[in-house]
């Protein structure tokens, strides 16, 4: 009797998430895959099965945009991590009782609108923006720099700023989880602080770093809002192409094809990162 | 044995946010009774439909778009406003996609006051029915800084001039950027073959590296012209009018190859249910006061001839408006429906993305 | 060691400055007496705040966002908690696959989820609208709840639950009266995190929104057509202020609950 009650309860616990997951994720993504094989005639399902959409993707444009997206997203993720790591280290190791305060301070900016934060970078990097005005005031330049805005570096720095908290938190968590006795043992055995860091702490914090990379890379790869606002045409990313197919170009099947390709390209790195995190972060 | 207390507790906690669901659903009822209008940014100002607001205190729910390409896509994806605002060149596409319903012109009080030429533009009347109420018309040309651009440019080729690398802006619309490139490529913009489309793509590709702003956001273009970040931009005449008001030294070019004239109007979407409100809104928009307000605010021509003529011609000249639509048709290039629009849209997107 | 600590401390302060500088642009320009968010700033004014106050569309957008965020937070927390419990306590064969599906949205770029949900909605015959946005937000927020609660359930010991079951409690009763009360702080975190994620969600909502906009969509329109931009600066400043207050209050509450780290 207890087993059947348990079975009932088990079904109950997995049902809500199951419905949401199957309906919202599995079925929806299957529809995307299905649509990628249909011909576009401006109706919902198109009218015939075809491989033409995938053939269209062989045009050099798509490889170029995909590569650019990977470079921009990858650079933004690396930049985010490099900037966040020392801060996370400080909070984990030296902040003591003020840890919660520091974490609150770091996450607070992200409680405002993401779009407005991106726009704020426009106000900083723009022709009449804060940076140009400051540089002119200091006499370092005579006319405003054009290259700050509407180019890929603007997208990289904006994304690095927008996703900073997503990097700080996992790195902080994995640093905190390191047994302090390991570092202690290292220095007791004569290792220099730099050595202790490079050979004990840094490797042990890798799960957090990897998690941070994945958490930042995936959304930034598909972002279309930031490139649209601060990137200019030179920064068109794959997310912009997909969004355009659902907007002004109105070719849903081709948009779905692009989406399928992005998911396939992400599958390998994401799965391997997940395995690496699991393997390194496994607890006894 | 079921734990009633536990379940009761769980259910009561769940019930709380469900109280917000009436806002989602019942809000529908409120929104259904409220007219839904989908129009160009800048046209949502209350002064353009003041008459409607007086008769219907709950007002109209107005959503805005930057270009009618975007509007078409959004309506296709399931957005259902009652009224929308495409331009003449898009009208056949909207009609063929089954998005709109005919207009009963007997219910539009000022119908006969609208310019006959505009009322008779291709596509407005089809199958013996009227599909659009013309509302606004004006010009597209180049607004340029007279103090930052050398000489007296008189050609669209200014937007291809490498001397102004990264100091140029174009409007991100097929009826603007693509159309001008087609003219400069020497093809008929409205009857492009696939080979023609390749030529136009090549023309756009040459221009792309020089362009600082590729956008439908005219306020940014205005600001860039005002600050000198951009020295010449493809714009509608409202930009020229606004900058002149601010005292910026600008001119609105008269290109050799002719400037463009566009005409847009209001359409009733197929699912629109409350036709009384729809016609009230159309009447409010086509009123004389609204026509004058449109001209005074943006320098755009109103389709309402009585309103148009009531503005002194000296003022109209200052807005860089043609004397009337007949002159516009003769002296400028009227933007008409383009053939092969799907191929054009795809090619345009490809070139913009760098392909 | 001391030098290293001071250096890192200095870096952390600079890092905070980097994080806050763009955000502080918002209050700065919200008082700027010019429609353009550009330097130099000549005069200050309150009028953008006044315009925002009178803007009915802004208030409706906020209302719509709240009406979506509250149920989304609750549904995703409930579903995520239950699924996390099933996963950690190894309840049934479905637990693992369901958990994987539930967490999958974190591994997919938002634009793809957005189009997938739009197509899914259209297939069922639903037009883009607030209920569809709600469904989308639930899909997006559930992974967060699942991960947080999974971490929490792993940490609490089985013995209390086993004892309750041995003493004759039903599984549901045991869950509701023993496990949940123990989990309140984590549940609260899930609710707050889901709520704030939903309030600021743009990338997916862009595809699912109909006539009634959520706040991020409203902001997006005003960024693209900056005639109405300055009041967005005012809005952003108010959001910043509100979040600061919430954070301080939240800090006080958690400090009182757990005085030691």
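Points to keep in mind about this one:
For every residue, the table says whether it meets (1) surrounded by 23 or more Cβ atoms within 10 Å (Cβ to Cβ); (2) part of a loop (DSSP other than H, G, I, E, B); (3) modelled with pLDDT under 90; (4) more than 10 Å from chain C (Cβ to nearest Cβ).
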site	(1), (2), (3), (4)
A:105	no, no, yes, no
A:108	no, no, yes, no
A:128	no, yes, yes, no
A:135	no, no, no, yes
A:142	no, yes, yes, yes
A:146	no, yes, yes, yes
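- Of everything listed in (1) in contact with a helix residue (DSSP H, G or I) (Cβ under 7 Å, 6 or more places away or on another chain); (2) assigned to a helix (DSSP H, G or I); (3) at the interface with chain A (Cβ under 7 Å from one of its Cβ atoms); (4) surrounded by fewer than 24 Cβ atoms within 10 Å (Cβ to Cβ), the single unmet condition for residue C:91 is (2).
- Residue C:20 meets all of the listed conditions (1) within 7 Å of another protein chain (Cβ to nearest Cβ); (2) closer than 30 Å to residue C:183 by Cβ but one, namely (2).
- Number of the exception - residue A:194 against (1) in a helix (DSSP H, G or I); (2) buried (at least 17 other Cβ atoms within 10 Å of the Cβ); (3) more than 21 Å from the chain's Cα centre (by Cα): (2)
- Scanning segment C:190-208 turns up no residue that is surrounded by fewer than 19 Cβ atoms within 10 Å (Cβ to Cβ), over 22 Å from residue C:140 (Cβ atoms) and facing another protein chain (nearest Cβ under 10 Å).
- Segment B:298-313: number of residues that are assigned to a helix (DSSP H, G or I), modelled with pLDDT of 90 or more and surrounded by fewer than 17 Cβ atoms within 10 Å (Cβ to Cβ): 3
- Members of segment C:40-68 that are more than 9 Å from every other protein chain (Cβ to nearest Cβ) and under 15 Å from the mean Cα position of the chain (by Cα): C:62, C:65
- Residue within segment C:59-70 that is touching a helix residue (DSSP H, G or I) at 6+ places or on another chain (Cβ under 8 Å) and farther than 30 Å from residue C:102 by Cα present: no
- In segment A:50-69 there is at least one residue that is touching a residue at least 24 places away in the same chain (Cβ under 8 Å) and not in a helix (DSSP H, G or I).
- Test: residue in segment C:27-39 that is under 24 Å from the mean Cα position of the chain (by Cα), surrounded by fewer than 24 Cβ atoms within 10 Å (Cβ to Cβ), outside the structural domain of residue C:194 (by TED's automatic domain parsing) and in a helix (DSSP H, G or I): yes
- Residue, farthest from the chain's Cα centre (by Cα), within segment C:196-208, restricted to residues that are in a loop (DSSP other than H, G, I, E, B) and either more than 18 Å from residue C:122 (Cα to Cα) or modelled with pLDDT under 90 (or both): C:203
- From the list B:272, B:343, B:306, B:284, the one residue that fits, being within 20 Å of the chain's Cα centre (by Cα) and touching a residue at least 40 places away in the same chain (Cβ under 8 Å), is B:284.
- Residues of segment B:63-90 that turn out to be outside any loop (DSSP other than H, G, I, E, B), within 8 Å of another protein chain (Cβ to nearest Cβ) and farther than 16 Å from residue B:175 by Cβ, as a count: 4
- Of the residues contained in segment C:249-259, none is found to be part of a loop (DSSP other than H, G, I, E, B), more than 9 Å from every other protein chain (Cβ to nearest Cβ), at pLDDT 85 or above and at negative phi.
The values are calculated or read from the model by the stated rules, or taken from the named source; none is laboratory data. Here the structure is a predicted model, which means the values were calculated and not measured. Neighbour counts run over all protein chains shown; Cβ positions are idealised from the backbone, glycine included.
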